[in-house]
1. Return only the number of the condition from (1) modelled with pLDDT of 85 or more; (2) over 16 Å from L7 (Cα atoms); (3) buried (at least 19 other Cβ atoms within 10 Å of the Cβ) that C99 does not satisfy.
2. Sort out which residues of the stretch 75-86 are at pLDDT below 90 and either within 15 Å of E106 (Cα to Cα) or surrounded by 15 or more Cβ atoms within 10 Å (Cβ to Cβ) (or both), and write them in order of number.
3. How many residues are free of Cβ contacts under 8 Å to residues at least 24 places away in the same chain and not in a loop (DSSP other than H, G, I, E, B) if we restrict to the stretch 69-79?
4. Taking the stretch 45-75 as the region of interest, how many residues are touching a Phe, Trp or Tyr at 6+ places or on another chain (Cβ under 9 Å) and either of a type in the set (K, R) or closer than 14 Å to A21 by Cα (or both)?
5. Do the conditions hold for V10, that is, is it among the hydrophobic types (A, V, I, L, M, F, W, C) and out of contact with any Pro (no Cβ under 8 Å at 6 or more places or on another chain)?
6. Quick check, is A36 modelled with pLDDT under 95, part of a strand (DSSP E or B), small (G, A, S) and surrounded by fewer than 20 Cβ atoms within 10 Å (Cβ to Cβ)?
7. Name every residue in the stretch 39-72 that is modelled with pLDDT of 90 or more, polar (S, T, N, Q) and closer than 26 Å to M1 by Cα, in order of residue number.
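The values are calculated or read from the model by the stated rules, or taken from the named source; none is laboratory data. Model, not experiment: these values are computed from the prediction. Counting neighbours? That spans all protein chains shown, and the Cβs are built from the backbone with ideal geometry, glycine included.
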Amino acid sequence: MVNGITLEVVWSDEHLIQFRAVCANRSFSGAVYFYAEHNDVFRFADLIDGFPQNPGDLRTAEFGTFNSDRAGGGLRAEFRVSTPGNRSEVDVYLRADHCKEMGKPESLSLSIPIDPASVDRFVAELRQLSPSDTGSSATLEMSDT
């Protein structure tokens, strides 16, 4: 398993894509399935493109659902610059389909240190994902620091 975030296309039809997200750092890991519209992955790529721009840069993306009344799981990613040292991190929140709320069983939150070059590679991979290519994936690798 790669430390970082991997989004993999599991299934798609003309309306939705089912993704599997696997997220890990050196201490924690988790996986969740969620549904997204076809353009959501491209909007995500556009949102995080060029991150970070400045020490106060904060960008948040959410896929799937964090509403327990709706089917499917969810992934929320908050890209931020932490202090000290102005290091870039992404805080990841995963919620499984039957989880009632974050912090309850079947949920996970973790922080992953990242670097600008890995974000650039991830954006390029996201833009290459094809909904019809089951098994295709994009990975944001954790930095070594």
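1. (1)
2. Initial filter on the stretch 75-86 (at pLDDT below 90): 82-86.
If the condition is that a residue be at pLDDT below 90 and either within 15 Å of E106 (Cα to Cα) or surrounded by 15 or more Cβ atoms within 10 Å (Cβ to Cβ) (or both), then no residue fits.
3. Kept after step one, since they are free of Cβ contacts under 8 Å to residues at least 24 places away in the same chain, are these residues of the stretch 69-79: 69-70, 76, 78.
Adding the requirement that they be not in a loop (DSSP other than H, G, I, E, B) leaves 76, 78.
Going through the stretch 69-79 one residue at a time, the tally reaches 2.
4. At the first step, the residues of the stretch 45-75 found to be touching a Phe, Trp or Tyr at 6+ places or on another chain (Cβ under 9 Å) are 45, 47-48, 51-52, 57-66, 71-75.
In the following step, the residues that additionally are either of a type in the set (K, R) or closer than 14 Å to A21 by Cα (or both) were identified as 59, 61-65, 72-75.
Final tally of qualifying residues: 10.
5. It is true that V10 is among the hydrophobic types (A, V, I, L, M, F, W, C) and out of contact with any Pro (no Cβ under 8 Å at 6 or more places or on another chain).
6. On the way: modelled with pLDDT under 95: yes; part of a strand (DSSP E or B): yes; small (G, A, S): yes; surrounded by fewer than 20 Cβ atoms within 10 Å (Cβ to Cβ): no.
No; evaluated as a whole, the condition is false for this residue.
7. Residue satisfying the conditions is T60 alone.
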